[in-house]
Structures are given as C-alpha cells and as structure tokens.
Amino acid sequence: MSIRSLMKRESTLPASFDDFFKPWNDWFDGSGVLGRTLTIPAVNISETKNEYNLSFAIPGMKKDDFKIDVNGNLLTVSSEKEETTQEEDRFYTRKEFNFSSFKRSFSLPEEVLKEKIHANYEDGVLHLLLPKKEEARISTHKSIPVK
C-alpha cells in the first residue's frame with residue numbers, strides 16, 4: 001500500500017465541508033509548492049532563411065493577457081492573469097482567487113528586424129515571427145572541398 005493511499009481516507013463529513021477545506025488540502029498534498037505546480041510555457045524555436053519563429057504552448061489565455069516587449073536586444077514575453085470565483089449558498093459563501101503569471105526572456109541576434117516583430121495567438125499557441133535583416137538573408141553557405 002502506498003503512502004498516498006494511506007493519506008486518502010473516506011470522509012464522514014458532508015460534501016460541503018470537503019469543498020470548504022479543499023483549498024487547504026490542495027496546498028499541502030505534496031505535489032508542489034503549497035500544492036501548486038509552477039509552470040513556465042514550453043517554447044519551440046525554429047529558423048528559416050528569412051526569419052526566426054517562436055511558438056509558446058499557452059492554452060486558456062486571451063491575446064490581451066500577453067505583454068511582449070523588446071528592450072535593446074532582449075525580447076520578453078510575459079503574462080499575468082487573475083481570476084476570482086464566488087459561490088454562494090444558503091449556508092455559506094466561498095470565494096477563490098487564482099493568479100498565474102510567467103515571464104520568458106530571450107537575447108535577440110543582431111540580424112533581427114526588431115521593429116517588424118509580429119505576434120499571433122491562436123488555438124492555445126502564441127506565435128512570434130522575428131524577420132531577419134536583408135543582409136542576413138543572403139546565403140553565406142559555402143562548401144569546402146577536402147583535399
């Protein structure tokens with residue numbers, strides 16, 4: 001028998017009491033810092049001849065939830081989202097807060113046209129398109145023969 005199964009026991013209290021104590025039970029169940037898992041969105045970075053593409057997996061957001069800044073050669077993508085839910089019943093009122101945030105920063109290569117960076121959020125994925133300067137688009141590829 002595992003420790004987790006030992007910790008879970010049948011409650012003899014009404015379901016409303018379980019709901020009332022649920023936030024505290026979640027905080028201290030050992031699954032993270034106070035029961036919450038800290039998340040930083042995964043990012044895929046790809047490069048073509050003309051641009052860099054960054055794709056962040058961030059479901060459940062709205063496009064207005066994101067803040068994208070370029071300061072010098074530093075690109076920062078961040079979000080702060082706060083939700084409040086309130087449930088009222090004849091005998092109790094329960095109000096819960098949910099706050100989530102993240103911040104990711106990237107050093108931009110010199111060849112990026114910072115003034116033409118484009119962002120799009122669709123189907124839970126934030127896409128950033130970073131076009132390259134014309135000079136960087138010219139292929140500098142050269143094959144070296146082995147003698």
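Values quoted throughout were computed directly from the atomic coordinates according to the rules given, and no laboratory measurement underlies them. Every value quoted in this text rests on a predicted model; they were computed, and no experiment measured them. Glycine gets a Cβ as well: all are built from the backbone with ideal geometry, and neighbour counts include every protein chain shown.
I want to make sure I understand the PRE zone here: with the label point 7 angstrom from the Cα of ASN71 toward its beta carbon, which residues in region 107-130 have backbone N atoms less than 16 Å away?
Inside the label zone: 107-108.
Compute the Rg/Rh shape ratio of region 41-134: radius of gyration over Kirkwood radius, all on alpha-carbon atoms.
Values: Rg = 17.8 Å, Rh = 15.2 Å.
That ratio is 1.17, to two decimals.
Can you tell me which of 43-49, 84-90 comes out highest on packing, and rank the rest after it, using the mean Cβ neighbours within 10 Å? Don't skip to the answer; put the middle values down first.
Working: 43-49: 10.9, 84-90: 8.4.
Packing order, densest peptide first, comes out as 43-49, 84-90.
Sequence neighbours fewer than 8 away in the same chain don't count; with that in mind, list the lysines whose C-alpha is under 21 Å from LYS133.
Within the straight-line cut-off, LYS133 pairs with LYS49, LYS114, LYS116, LYS142.
State to the nearest 20 debye the size of the charge dipole of region 41-134 about its Cα centre, where the only charges are +1 on K and R beta carbons and -1 on D and E beta carbons.
Magnitude of the dipole: close to 180 debye.
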